[in-house]
1. Find the centroid of the Cα atoms in the range 1-78 and in the range 126-169, then give the distance between the two in whole Å.
2. Would the range 1-61 count as rounded, prolate or oblate if I go by the C-alpha gyration tensor, calling it rounded below 1.5 in a/c and otherwise prolate when a/b exceeds b/c, oblate otherwise?
3. At a 10 Å Cβ-Cβ cut-off, how would you order F159, F184, fewest neighbours first?
4. Sorting E73, E171 on the 10 Å Cβ count, fewest up front, what's the list?
5. Hey, got a sec? Which GluC sites (Glu not before Pro) in the range 1-46 land in a DSSP loop and have at most 11 other Cβ atoms within 10 Å?
6. Among DSSP bridges having both ends in the range 4-142, what percentage is antiparallel? Round to the nearest 5.
7. Jot down the radius of gyration and Dmax of the range 4-142, Cα atoms only, both in angstrom.
8. Please give every one of the aspartates and glutamates within straight-line cross-link reach of K158, meaning a C-alpha to C-alpha distance under 20 Å, and leave out same-chain neighbours fewer than 8 residues apart.
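Computed from the coordinates by the stated procedures, all read-outs in this text should not be read as laboratory data. Values in this document were obtained by computation on a predicted structure and should not be read as measured data. Neighbour counts run over all protein chains shown; Cβ positions are idealised from the backbone, glycine included.
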Amino acid sequence: MDQSEHEQLLDVIIIGAGWSGLLACKYCLAEGLKTLALEGRDSLGGVWSFTEDRSCPGVMTTTETTSSRCITEISDFPMPVTYPDFPSHHDIIAYLKAYCARFDLERHIRLGQQVSSVQKIDGAWCVMLADGFRYNARNIVVCSGVHQHPNTVSDDAKFNRFAGEILHSSEVKAIPPDYAGKTFVVWGGGESASDVTLELSKVADRVYWCIPNGQWFVPKVVPNWPPFPSPLRKVVDHTSACAAPVVTHSWLLAFHQPVSAVDVRVQRPRSGGMANGRAVQPFFLQQEFRGACGCQKRRGDCQA
């Protein structure tokens, strides 16, 4: 590392070289600003950079994008047409590296630079690193993401009587074979919960997906999407990004109120059946709505 970097006053220091950090770096450089991006890990890409380290949040081995290729790509750097409709995390990392090469960002990025503190001294920002070095800059752009620290529920009162193992989704890098035939509860309705639920549904005997705040599920791909029906498959967000289509009940499953538990059972798809928004095809998710107390009554009939 060039010692002079630590001595000069930079225009901008960007903390993090994930998706947002790379875009910030590109646009700062385009404005002629002396810019440096500091990334704590040994690779760029943020949560899209896979690691076996269970203490480091990130993608699973099977993770793919929720949004389609044409919605996910950067406006001035299209994704390759050879990419699938929903790129894998391998595709995303390759794409981000190609983005860096296209806009000559690599020489402005420092990997393995863990930031320990940031403070303003005499009108300039002092960025201290874990190794004792420091940088100084007039401006700071924080792109460290929102998924660095797991929001653990192990101390939550509702789980006090649970004797089994509790894992945060960030610790689940792949579904091991010994999960086969077991019963699992997935708490939460975000993308990580969706990814884990999908993978568990392939091997587990039963998965209870508990969504405390309600959720909407829309298929990634549908046939006969208006306003121009055709027998060809259509990626939903391609159409919805261009117009506001009429969504009929047969295509949309709405949880209008919080759901205590969703019993996910693996079955072959039925005619007209709808998989969840994470493209569970060729599996179909059969939901059993249970009362808040866990009884077999429908939620509206439960008095708990």
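1. The two parts, judged by their Cα centres, are 17 Å apart.
2. Values: a/c = 3.90, a/b = 1.83, b/c = 2.13.
Oblate, since a/c reaches 1.5 and b/c is not below a/b.
3. Values: F159 13, F184 20.
So the residues, fewest neighbours to most, are F159, F184.
4. Values: E73 17, E171 14.
With the fewest neighbours first, E73, E171 line up as E171, E73.
5. Details: sites: E5, E7, E31, E39; in loops: E31, E39.
Sparse-neighbourhood loop GluC sites (Glu not before Pro): E31.
6. Numbers: 12 of 24 bridges.
Antiparallel: roughly 50 percent of the beta bridges in the range 4-142.
7. 16.1, 51
8. Result set, ordered by chain and number: D263.
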